[in-house]
1. Quick one: length gained pulling Ile106 to Glu60 fully straight, 0.36 nm per residue minus the C-alpha distance?
2. Percent of accessible area on the range 328-479 owned by carbon and sulfur, 1.4 Å probe?
3. If the viscosity is 1.306 mPa s and the temperature 10 °C, what Stokes-Einstein diffusion coefficient in µm²/s follows for the range 328-479 when Rh is the Kirkwood radius over Cα pairs?
4. Ranked from highest to lowest mean number of other Cβ atoms within 10 Å per residue, what is the order of the peptides 420-428, 233-241?
5. Enter the accessible area of Tyr403 (Å², nearest 10), with the probe set to 1.4 Å and all protein chains included.
6. If the limit is 27 Å between Cα atoms, which of Lys81/Lys147; Lys197/Lys480; Lys57/Lys123; Lys185/Lys363 go over it?
7. For the full complex of protein chains and a 1.4 angstrom probe, list Lys372, Lys33 by accessible area with the highest value first.
8. Tell me, what is the per residue accessible area of the range 350-406 in Å², probe radius 1.4 Å?
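The values are calculated or read from the model by the stated rules, or taken from the named source; none is laboratory data. The structure presented is a predicted model; accordingly, all values stated were derived computationally and were not measured. So basically every Cβ, Gly included, is an ideal-geometry build from the backbone, and we count neighbours across all protein chains shown. What goes into the accessible areas is simple: the full protein's heavy atoms, side chains included, and nothing from ligands, DNA or RNA. Shrake-Rupley method; radii C 1.70, N 1.55, O 1.52, S 1.80 Å.
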Amino acid sequence: MFESKLPFSVNTCSITSSPEKFVCINIECSEIKDQSFGCYECLIKKHKQIDQLHFEKIIEIPAFLSQIKQKSKQKNDILDKLIIDCDSKKKLVLQQIHELENFVNIDLLHQRLLQLFSTYLAKLQNEKDLIILAPDYSNQQHLKLLKFYHEDIEQYGKVITQSGIELQGEVDEILENYQIVSLQKFNKLKNQIEALKIQFNEQNQKFAQWEIQRERERQRESPFMQIVEQLKLPVIFVLSILLFLVIGHNLFYLNAQDFDSRLVLNQTQQEDLNINYTNQEYQTNYTKYTNQTSQANQTNQTSQTNQTNQDKQSKSQNTRNQQWLISEILENRRVEEFQNFTIIYDQSFNKTFTQDTYERIQKRVFWDKNDKLVCIGARENKNLRLIGCDLASEVFSITQDAYSARKSQNGEMYWYWVQSKSFGFSPNKNIALTNIDNEDLSSELRFSFGTSKNLEERRVGSQYGHKNTSQYNLVIYASKDNN
Ligand SMILES: [Zn+2]
Ligand SMILES: [Zn+2]
């Protein structure tokens, strides 16, 4: 028997003469030929023999193929929709990236995205190619067709759509990275601007220092100040003599007037006059004398004047002591000699000296805008092994030349502060900053301190390196008074 309508040729069963146009759609039956295909009677008989009573699964081949055809169409529709979606997404994304600012290589990004979309589209197309829209039945194809017949289209749709979502994720990530790259470029520009700002501020600071220096010079040059300076010493000298005479006169007067008092006084006198008076002792003793004289008021006044003079004298001596330090390189001085100074910095040589350190020190020194006397150098316990002193504007001025130090305006002393290398002082103009100063290796009067983060080299006189010099502290002192 032959039915031309069916898309396959139908044989007649040699046993029952019925058309062999039935299949069992049970998966387990598919592997055994006479259990999966044949005429209805034979299939029923076979299934009864093996006690498989799922007769509802024995169906006509046209119904079998029709079901497969329907599912194929559903799959095809799903794939078509995904291809259209993907195509329009591709166009949209590629259009968007060309509208963005051209910070990175757009073509490269374009290529990358295009490749992603193309791979996915090819995958969808491949799936489409596997679909048999007009299936034929043949016994060899049975297993394959059975798989199509049982395929869960809903699940298939989910899986294939999921891979589309993953693609979108990848595209988003690439675009995000692209924006991060743009952001990084932006930040780099921002940092460059910050650096320029810092440079600008430094220049401003230098200018301010220069003005301070100028102001100081102007004050020095004013005729009135010159006269005051010149008169200071003689006036102090005269006042000292007066003080001496007044004490002498009072003692003499007392001796003559009161003999009993004199005995007491002689004792006190000898104790006290043999040692140097401190102001307080003098005040106490002096009050004792004057209380016993009739000239109490007059001498009290003199005593006060004298005391003030003594204060002035010691103060001016201090100032002079500090002034002689300007533009001086000193070796092996006691720390006590600098007890009138403020300690601005005192840290081990091991500690890194950064730009930040420099700025903090500057703030501490110049807080009141006075150009103080500053001493900088190496301390080992109580000994200042090597120290250089000058006005702060000289010490902290940034220089550029690695082979030439800047001469101090105040004397024969040379300073340098090359930011990427080192700072320090030298007794002459010549320096050689490979990092720290390597000029005249035997010179004991050269001090050099590395400022690069990875180059913690130091020089104290003829001592070099890091390990050899780690017993020292870097110290910076500043005078308390403005000169
Ligand atoms: Zn079966
Ligand atoms: Zn049969």
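1. On the way: separation 46, 0.36 × 46 = 16.56 nm, distance 5.94 nm.
Difference between extended and current length: 10.6 nm.
2. Values: 2950 of 6520 Å².
C and S fraction of accessible area: 45 percent.
3. On the way: Rh = 15.0 Å.
In µm²/s, the coefficient rounds to 106.
4. Values: 420-428: 21.4, 233-241: 12.2.
Put in order of decreasing packing, that is 420-428, 233-241.
5. 150
6. Working: Lys81/Lys147 24 Å; Lys197/Lys480 32 Å; Lys57/Lys123 34 Å; Lys185/Lys363 33 Å.
Table pairs above 27 Å Cα-Cα are Lys197/Lys480; Lys57/Lys123; Lys185/Lys363.
7. Numbers: Lys372 10, Lys33 135 Å².
The residues order as Lys33, Lys372, largest area first.
8. Numbers: 2440 Å² over 57 residues.
Result: 43 Å² per residue.
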